[in-house]
Amino acid sequence: MTARPRHSAALLLALALLLAAGCSTADPAPAVTAPAPQAARPVADPGLPGMAPVLDPHNVYAGAGANMLSDVARTAKPLVYVPHTTSRDVWVIDPATFAVVAKYPLGAGELQHVVPSWDMKTLYASDDTRDRLTPFDATTGRPGTPIPVTDPYNLYFTPDGHSAISVAEQRKELVFYDPHTWAVQDTLKTPDCAGIDHADFTADGRTAVFTCEFAGRVAVVDVATHHLLRTIDMPHRNTRMGPQDIKLAPDGSVFYIADSDQNGLWVLDGAATKVERTIPTGRGAHGLYLSRDATKLYVTNRHEGSVSVLDAYTGAPVTKWQIPGGGSPDMGNVTADGTQLWLSGRYDRAVYVLSTADGHLIHKIGVGNGPHGLCIWPQPGRYSLGHTGITR
């Protein structure tokens, strides 16, 4: 190839510059420097209108860490409330001494759960057979005048605090109430959700998932409109003691669903559209509770007297704690400082206090007949979603 003369290159360059100048009708534009590449940042979803913003997308429970008590919660008297389905009373325990300090007979109904209100000022003992809630003043631990509510087997509050939801198990309904006046706002029928039972909410607060114990499925509900979006069958539909408690993973990626007859958990995707897998834990998997740093998930195995400890993000097994002499660990929660896990012994007239450091039994307390939805109060968090103290 013959080399191109150097002056030809120079001439071409000059011609190019002349043409560029001739095409310009304004002052030359300033040079623009391309920005350095950056990692894409997810747009923060404001979530359900009126809901407190998520503090950490990697941990929706970031506002409920150890001893992170709100000003309202700090006014509460530290107590443990134990409702009984059979002896039909609420026993109150001093968590510092493990002594029973009060017993409140509340009539002839079945007392299921003691539930903290969304604003954390009141605790409600739910009685589904007598259709009422008995409020307890959190600052004194004493009961007040019962409130008529339809079939409150369980009780939840929407993340914006706009509604209380009575989980009317026998009626296969969700009844929405004004949480201050207890006037009915709406009723959602869930005819295909036999044994409608426990619930949790997506990270953005827009969607609720309710378990259907006697139908082997879950019901997915739009929180703002109170509409049933869909039902999702478990891969194996256990309908005797099927889906029980449900818990959102800290990063909102999945829901864990305890299934007693499955002896483990189902894992539902975070958008509540499909079941991804199962995690074996133990016989009679029932209650789900998080450590205060939200890294561990405690699963009560009610039929084998044990608690499985899982990684809260991945579901991977960490260890298993056996209750000495066996037992029937059911429902409860972790103390505000995160050092103890309190659980009712549903079939053993007992309350168990376990160390979250190594699972050893700190104390066993004799209580009434049929202890169920035990509530430790106060709890950390900005607001309560209900049940036995789901706070965020």
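Taking strands (runs of 3 or more DSSP E) that do not extend beyond segment 238-315, which have at least 3 residues that are under 13 Å from the mean Cα position of the chain (by Cα) and aliphatic (A, V, I, L, M)?
Those strands (runs of 3 or more DSSP E) span 254-259.
Cβ-Cβ distance below 8 Å, separation of 6 or more or different chains: which pairs start in segment 76-87 with a residue that is within 12 Å of residue 114 (Cβ to Cβ) and end on one that is open to solvent by 50 Å² or more (accessible area, probe 1.4 Å) and among the aliphatic types (A, V, I, L, M)?
Cβ pairs passing all conditions: 79/101.
Looking only at residues that are in a loop (DSSP other than H, G, I, E, B) and in contact with a helix residue (DSSP H, G or I) (Cβ under 6 Å, 6 or more places away or on another chain) in segment 344-391, which one is farthest from residue 70 (Cα to Cα)?
378
Quick one: count up the residues across segment 176-203 that are surrounded by fewer than 24 Cβ atoms within 10 Å (Cβ to Cβ), among the aliphatic types (A, V, I, L, M) and within 21 Å of residue 118 (Cβ to Cβ).
Going through segment 176-203 one residue at a time, the tally reaches 4.
For the structure I just gave you, tell me whether residue 388 is among the hydroxyl-bearing types (Ser, Thr, Tyr) and either farther than 25 Å from residue 140 by Cβ or open to solvent by 10 Å² or more (accessible area, probe 1.4 Å) (or both).
no
In the set 268, 229, which member is farther than 25 Å from residue 296 by Cα and touching an Asp or Glu at 6+ places or on another chain (Cβ under 8 Å)?
229
Each row is one residue, and each column tells you yes or no for (1) of a type in the set (A, V, I, L, M); (2) open to solvent by 10 Å² or more (accessible area, probe 1.4 Å); (3) modelled with pLDDT of 95 or more.
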site: 205; (1), (2), (3): no, no, yes
site: 208; (1), (2), (3): yes, no, yes
site: 232; (1), (2), (3): yes, yes, yes
site: 235; (1), (2), (3): no, yes, yes
site: 244; (1), (2), (3): no, no, yes
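Does residue 337 satisfy the criteria of being free of Cβ contacts under 8 Å to residues at least 40 places away in the same chain, charged (D, E, K, R) and surrounded by fewer than 24 Cβ atoms within 10 Å (Cβ to Cβ)?
no
Being hydroxyl-bearing (Ser, Thr, Tyr), open to solvent by 40 Å² or more (accessible area, probe 1.4 Å) and over 23 Å from residue 221 (Cα atoms): is that true of residue 139 here?
yes
Can residue 231 be described as assigned to a strand (DSSP E or B) and touching a Pro at 6+ places or on another chain (Cβ under 6 Å)?
no
State the number of residues belonging to segment 131-161 that are assigned to a loop (DSSP other than H, G, I, E, B), in contact with a Leu (Cβ under 9 Å, 6 or more places away or on another chain) and closer than 28 Å to residue 49 by Cβ.
So the count comes out to 6.
Could you count how many residues in segment 93-119 are farther than 24 Å from residue 168 by Cβ and buried (at least 20 other Cβ atoms within 10 Å of the Cβ)?
The total comes to 1.
Quick one: in segment 296-317, which of the residues that are surrounded by fewer than 18 Cβ atoms within 10 Å (Cβ to Cβ) and in contact with a strand residue (DSSP E or B) (Cβ under 7 Å, 6 or more places away or on another chain) is nearest to residue 59 (Cα to Cα)?
311
Okay, residues lined up against (1) surrounded by fewer than 23 Cβ atoms within 10 Å (Cβ to Cβ); (2) aliphatic (A, V, I, L, M); (3) under 23 Å from residue 195 (Cβ atoms):
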{"site": "241", "(1), (2), (3)": "yes, yes, yes"}
{"site": "248", "(1), (2), (3)": "no, yes, yes"}
{"site": "255", "(1), (2), (3)": "no, no, yes"}
{"site": "263", "(1), (2), (3)": "yes, no, yes"}
{"site": "275", "(1), (2), (3)": "yes, yes, yes"}
{"site": "284", "(1), (2), (3)": "no, no, yes"}
{"site": "289", "(1), (2), (3)": "no, no, yes"}
{"site": "294", "(1), (2), (3)": "yes, yes, no"}
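The values are calculated or read from the model by the stated rules, or taken from the named source; none is laboratory data. Since this is a predicted model, take the numbers as computed values, not measurements. When we count neighbours, we look across all protein chains shown, and the Cβ atoms used for this are built from the backbone with ideal geometry, even at glycine. Each accessible area value is taken on the protein alone, full model and side chains, heavy atoms only, with ligands, DNA and RNA left out. Shrake-Rupley method; radii C 1.70, N 1.55, O 1.52, S 1.80 Å.
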